[in-house]
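S.K.: The following block contains the structure, expressed as structure tokens.
The values are calculated or read from the model by the stated rules, or taken from the named source; none is laboratory data. Keep in mind the model is a prediction, meaning the values are calculated, not measured. Note that each Cβ is placed from the backbone with ideal geometry, even for glycine, and that neighbours are counted across all protein chains shown. Note: accessible area is taken over every heavy atom of the protein model, side chains too, but ligands, DNA and RNA are not part of it. Shrake-Rupley method; radii C 1.70, N 1.55, O 1.52, S 1.80 Å.
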Amino acid sequence: MLVRFPPKVDNLSELKDYQLKGLQWTANHAYNNSPFFKGHFEKAGITPDMIKTLADLEQLPFTTAADFKDGYPYPMLSVPHEDIIRIHASSGTTGKRKVLCYTQKDIDDWLDMFCRCYEMANLTRKDKVQICVGYGVWTAGAGFQMACEKFGAMAIPSGPGNLEMQMTFLEDFGTTVLCCTASMALLVAQEVKKRGLKDKLNLKKIIAGSERTSPAMKNKIMELLGVEEYYDIPGLTELYGPGTGLSCSASENLHYWADYYILEIIDPETLKPVAPGEIGEMVYTTLSKEAAPLIRYRSRDLTRIITEPCPCGSILPRHAPILGRSDDMFVIRGVNVYPSGIDTILSACKTIGSEYQIILERRDDGKDYMTIRVERDEHSDTSADEESRCWIYDQVRQKVMVTPIIEIINYNELPRSERKTKRIFDHRVI
Ligand code: ZN
């Protein structure tokens, strides 16, 4: 099959040379064209000519979300205004939005990356792609849609929500690929089940983005919709938007497009790179981004690099699914807890469903308590509750090192959301 969006290099040693050239270009470009970066480099005592090898990346100072907010409305701008052809912004749940500028080349690069995702997920021009993600100033709708058109498949821009319309489109247009968040995919899947539509659909693949997903939730979605392929797509607004990598059919791990950016994994406390394969925070440096380059941008997302080559044969490196955010991590009774650890345990329990909440509270005795509220699986009855409760209790105590309170409630009692589902409720006054 003709590969239309291949890696820009043939092997890993070429990739290193390619990344070094991109890093040097980015350092020079940012230093010479952005007062922010110039000042940032000067404070750290660095000039771009000091970058001689890839290891020299570590000398460059980090950037953070605060730099985006301080530079509002055009943070990190490194081109003249007339070269900007579009802006996007993050959803801005707290304070000012992060605004991102794009040149024509930035948009072209983004779409090429995104088309590589569609290609890796084995789409063809015959596919009909229902895009139920947010349209507007954020990156999701524009990214999924423009790339779908460039790729040559048929886009159905249905947007988020509106289950009634989604059901009609799925059936009438013969949708083959569903693009959405995992939370939205679950809502769609449950609606399909409720209406008994599964056998009338032509759905083959799901491309789900920007949300940490447990294996149980993924399996539930695939089972209810009768699809065999489920791909995770990462989507960080600061790094173009969605489409900068994809999980392949070989495993749940994600290939990332290392010919467009360097991914470092650092210890969020010491800020030093972790050993290969260890969990840490994802830090991004772009190689060819013009309008708003990223240099050692701390994303707060946690993952680890997969060091073994992928059986699918792609030379592009891989990281594990996102395990949570370094600011999602919570501390209870002196123990650092990553919500993904609890996800993994719950996913292994067959008598409970995929939805859960973690509630943290400080009681009158002055101690902190962690309650895990889970739904009973829709096919189980209350007779299995005691056994499930004991099993989850033991597993959490052994693996997470915290003694939990386990509550099992009826199926469908926890709220579902078409965006990201909130699962952690910290009621402690700290
Ligand atoms: Zn692979």
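S.K.: Select, from R373, R300, the only residue that is assigned to a strand (DSSP E or B), touching a residue at least 12 places away in the same chain (Cβ under 8 Å) and at negative phi. Steps first, please.
M.R.: Details: R300 fails: at negative phi.
Only one candidate qualifies: R373.
S.K.: Considering only segment 239-256, how many residues are at pLDDT 95 or above, assigned to a loop (DSSP other than H, G, I, E, B) and within 7 Å of the ligand (Cβ to nearest atom)?
M.R.: Here the count works out to 0.
S.K.: Inspect all residues belonging to segment 349-369 and state whether any of them is part of a strand (DSSP E or B), assigned by TED's automatic domain parsing to the domain that holds E119, under 28 Å from the mean Cα position of the chain (by Cα) and modelled with pLDDT of 90 or more.
M.R.: Filtering segment 349-369 for residues part of a strand (DSSP E or B) gives 352-362, 368-369.
Imposing the further condition that a residue be assigned by TED's automatic domain parsing to the domain that holds E119 reduces the set to none.
No, that holds for no residue.
S.K.: Still on this structure: What residue, among those in segment 1-58 that are assigned to a helix (DSSP H, G or I) and among the hydroxyl-bearing types (S, T, Y), is nearest to D112 (Cα to Cα)?
M.R.: Across segment 1-58, the extreme among qualifying residues is Y18.
S.K.: Also, I was wondering about something else. Looking only at segment 336-345, decide whether some residue is open to solvent by less than 20 Å² (accessible area, probe 1.4 Å) and either within 16 Å of the ligand (Cβ to nearest atom) or assigned to a loop (DSSP other than H, G, I, E, B) (or both).
M.R.: no
S.K.: A further question on this structure: Within segment 59-81, which residues are in a helix (DSSP H, G or I), free of Cβ contacts under 8 Å to residues at least 24 places away in the same chain and under 26 Å from K96 (Cβ atoms)? Reasoning before the result, please.
M.R.: Filtering segment 59-81 down to residues in a helix (DSSP H, G or I) leaves 59, 65-70, 81.
When the remaining residues are screened for being free of Cβ contacts under 8 Å to residues at least 24 places away in the same chain, the result is 59, 66, 70, 81.
Across segment 59-81, the qualifying residues are A66, D70, H81.
S.K.: Regarding L287, is this residue open to solvent by less than 30 Å² (accessible area, probe 1.4 Å), assigned by TED's automatic domain parsing to the domain that holds L236 and more than 30 Å from N32 (Cα to Cα)?
M.R.: Values: open to solvent by less than 30 Å² (accessible area, probe 1.4 Å): yes; assigned by TED's automatic domain parsing to the domain that holds L236: yes; more than 30 Å from N32 (Cα to Cα): no.
For L287, the condition - open to solvent by less than 30 Å² (accessible area, probe 1.4 Å), assigned by TED's automatic domain parsing to the domain that holds L236 and more than 30 Å from N32 (Cα to Cα) - is not met.
S.K.: Evaluate segment 129-142: report whether one residue or more is small (G, A, S), in the same structural domain as G235 (by TED's automatic domain parsing) and within 16 Å of the ligand (Cβ to nearest atom).
M.R.: no
S.K.: Taking the conditions exactly as written (among the charged types (D, E, K, R) and more than 13 Å from the ligand (Cβ to nearest atom)), does D232 satisfy them or not? First the steps, then the outcome.
M.R.: Numbers: among the charged types (D, E, K, R): yes; more than 13 Å from the ligand (Cβ to nearest atom): no.
Spelling it out, it is not the case that D232 is among the charged types (D, E, K, R) and more than 13 Å from the ligand (Cβ to nearest atom).
S.K.: Return yes or no: is G245 open to solvent by less than 30 Å² (accessible area, probe 1.4 Å), under 17 Å from the mean Cα position of the chain (by Cα) and farther than 21 Å from Q24 by Cα? Write out each step before concluding.
M.R.: Working: open to solvent by less than 30 Å² (accessible area, probe 1.4 Å): yes; under 17 Å from the mean Cα position of the chain (by Cα): yes; farther than 21 Å from Q24 by Cα: yes.
Spelling it out, G245 is indeed open to solvent by less than 30 Å² (accessible area, probe 1.4 Å), under 17 Å from the mean Cα position of the chain (by Cα) and farther than 21 Å from Q24 by Cα.
S.K.: Write out, first by first residue and then by second, each pair whose Cβ atoms fall under 6 Å of each other, whose residues are 6+ apart or on separate chains, and whose first residue, in segment 134-154, is closer than 14 Å to V177 by Cα while the second is hydroxyl-bearing (S, T, Y) and open to solvent by less than 20 Å² (accessible area, probe 1.4 Å).
M.R.: Close Cβ pairs (under 6 Å, with a partner that is hydroxyl-bearing (S, T, Y) and open to solvent by less than 20 Å² (accessible area, probe 1.4 Å)) amount to F151/Y118.
S.K.: So is S314 away from the ligand (no atom under 16 Å from the Cβ), surrounded by fewer than 22 Cβ atoms within 10 Å (Cβ to Cβ) and not basic (K, R) or not? Talk me through it step by step, then tell me what you get.
M.R.: Details: away from the ligand (no atom under 16 Å from the Cβ): no; surrounded by fewer than 22 Cβ atoms within 10 Å (Cβ to Cβ): yes; not basic (K, R): yes.
Criteria not met by S314.
S.K.: Please enumerate the residues belonging to segment 205-220 that are at pLDDT below 95 and of a type outside the set (G, A, S).
M.R.: E211, R212, T213, P215, M217, K218, N219, K220, listed by residue number.
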